[in-house]
Amino acid sequence: MEDTSKARKNNGVPHVDSDKLGFLEDLVKEHGSPLFVIDHEKIRQNYREFKEHLPHVQAYYAVKANSNPEIVKTLFDMGCSFDVASMPEFMVVHEHIKYMPEKIRQDWIWDKIIYANTIKPVETLQALDQYKPLVTFDNIEELKKIKQYAPNAGLVLRIRVPNTGSMVELSSKFGANPGEAVDLIVEAFNMGLVVEGLSFHVGSQCTNFENYIQALQLSANIMREAETRAGKKINILDIGGGFPVRYTSDVKPFKSLARKLNAEIKRLYTKDTEILAEPGRFMVANACTLVAKVVGKAVRDGKPCYYINDGVYHTYSGQVFDHCNYPVKAFKDGDTKLSAVFGPTCDAFDTITLSAELPDLELGDLVYSENIGAYSHASSTYFNGFPPAKIVHINR
Ligand SMILES: *Cc1c(COP(=O)(O)O)cnc(C)c1O
């Protein structure tokens, strides 16, 4: 019995090295808790890994995964481009472009930003038009809006693709049916607009690589037929996001997905097709760690219950919106018990887990969750008067 419980320390996941824990502890001494620690070197590593394995794909970081301006700056400095989905996100990126000479700015904007929300308020289109932006669309109503309010935009048609097995599906809300795609492209050209490309999103945390393969094949067929029918060249293929993070070891390495993508792109597309991608999660998930503090403790039905100062209305919001599970781990060692961990708000929904394996914790003890950089802090609220976790940046 003893042995089993020892082996299951910290949810069966081995401790990160004690150096890192000591470092996190020091940070909390200095900055307080809850503390959201962003490791910028990890972000740079992720970008490098992406470029190493997909050298012919231009990466547009999906800002919604974590819109922290320092993250945008780090990626901008690496040469990354950006996928934005709202005017505030656009401005966070544009901040880095606006001081460039007018000529470069105009030529550069497509190279640096794609506005990849297929639904855009009229006011947004009006504000965007001066930048001659690259924007996505997936229906005729949006085309009419773009024609009226942002006629200088370049267009990318988003198509609906299979998303079997992805952690977060997007195809119920976005994407034209493949059967309607060519008609929409022809219609756009007839309206005097310019369709530059096609895009898709296979669903977030896509561990079923077959989704990408099918999407690449669908897109290639649509592109060929549209070029024939419209008599125009379509230059851009945007393969979206979905690149999975290794939250658990059963997720296959990025390298093996990249190998498949490279082969299929080479087989289906001409050399002059510009390939874009919109990685979100992949760039930031493993770069961030949350440290929280035990602020209350009880025993309910024989089970230890810990109340910590961060929860599902805050950094753990990804457990709700992103369907992602973040194991809560203790800093201290010791025999573990099946325990519940709750957030700080007065809502029973604010439950992080009912089944953490944790040693006996005291008030004031620290706990942490790793790989919590994507869809976490960005969807944190001020519910019940508790603000989002304080952010600290590590630039090694
Ligand atoms: C959310 C989103 C992304 C990022 O997806 P990940 O799975 O985090 O890589 C990319 N493109 C669009 C259009 C999105 O909505």
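The values are calculated or read from the model by the stated rules, or taken from the named source; none is laboratory data. Just so it is clear, the model here is predicted, and its values are computed rather than measured. Here the Cβ is made from the backbone with ideal geometry for all residues, glycine too, and neighbour counts use every protein chain on show. Heads up: the accessible areas ignore ligands, DNA and RNA and are worked out on the full protein's heavy atoms, side chains in. Shrake-Rupley method; radii C 1.70, N 1.55, O 1.52, S 1.80 Å.
Points worth noting:
- The residue that is nearest to the ligand (Cβ to nearest atom), among those in segment 106-122 that are in contact (Cβ under 8 Å) with a residue 12 or more places away in the chain and open to solvent by 10 Å² or more (accessible area, probe 1.4 Å), is Ala116.
- Qualifying residue in segment 279-300 (condition: free of Cβ contacts under 8 Å to residues at least 40 places away in the same chain and more than 16 Å from the ligand (Cβ to nearest atom)): yes
- Checked against the criterion of being away from the ligand (no atom under 16 Å from the Cβ) and open to solvent by less than 10 Å² (accessible area, probe 1.4 Å), the candidates Ile308, Ile265 yield just one match: Ile308.
- Whenever a residue of segment 383-396 is among the polar types (S, T, N, Q), its partners that are in a helix (DSSP H, G or I) and surrounded by 14 or more Cβ atoms within 10 Å (Cβ to Cβ), lying with C-beta atoms within less than 8 angstrom and at least six residues away or across chains, give the pairs Asn395/His40.
- Only listed residue being closer than 21 Å to Pro178 by Cβ and free of Cβ contacts under 8 Å to residues at least 60 places away in the same chain, chosen from Asp129, Asp138: Asp138
- In segment 242-258, the residue that is nearest to Gly165 (Cα to Cα) out of those that are in a helix (DSSP H, G or I) and open to solvent by less than 80 Å² (accessible area, probe 1.4 Å) is Leu257.
- Subset of segment 62-88 [over 13 Å from Ile113 (Cβ atoms), within 16 Å of the ligand (Cβ to nearest atom) and open to solvent by less than 30 Å² (accessible area, probe 1.4 Å)]: Ala65, Asn66, Asn68, Ile71
- Qualifying residues in segment 128-144 (those that are more than 14 Å from the ligand (Cβ to nearest atom) and in contact with a helix residue (DSSP H, G or I) (Cβ under 6 Å, 6 or more places away or on another chain)) - the one least open to solvent (accessible area, probe 1.4 Å): Leu143
- Residue among Gly197, Gly192 that is in a strand (DSSP E or B) and either touching a residue at least 24 places away in the same chain (Cβ under 8 Å) or under 19 Å from Glu264 (Cα atoms) (or both): Gly197
- Restricting segment 222-234 to residues that are assigned to a loop (DSSP other than H, G, I, E, B) and open to solvent by 50 Å² or more (accessible area, probe 1.4 Å) leaves a set whose member that is farthest from the ligand (Cβ to nearest atom) is Gly231.
- Yes/no for Asn152 being surrounded by fewer than 21 Cβ atoms within 10 Å (Cβ to Cβ) and more than 15 Å from the ligand (Cβ to nearest atom): yes
- When segment 47-61 is filtered for residues that are open to solvent by 10 Å² or more (accessible area, probe 1.4 Å), within 16 Å of the ligand (Cβ to nearest atom) and in contact (Cβ under 8 Å) with a residue 12 or more places away in the chain, the ones remaining, listed by number, are Tyr47, Glu49, His53, Gln58.
- Considering each residue of segment 95-104 in turn, none proves to be within 15 Å of the ligand (Cβ to nearest atom) and in contact (Cβ under 8 Å) with a residue 12 or more places away in the chain.
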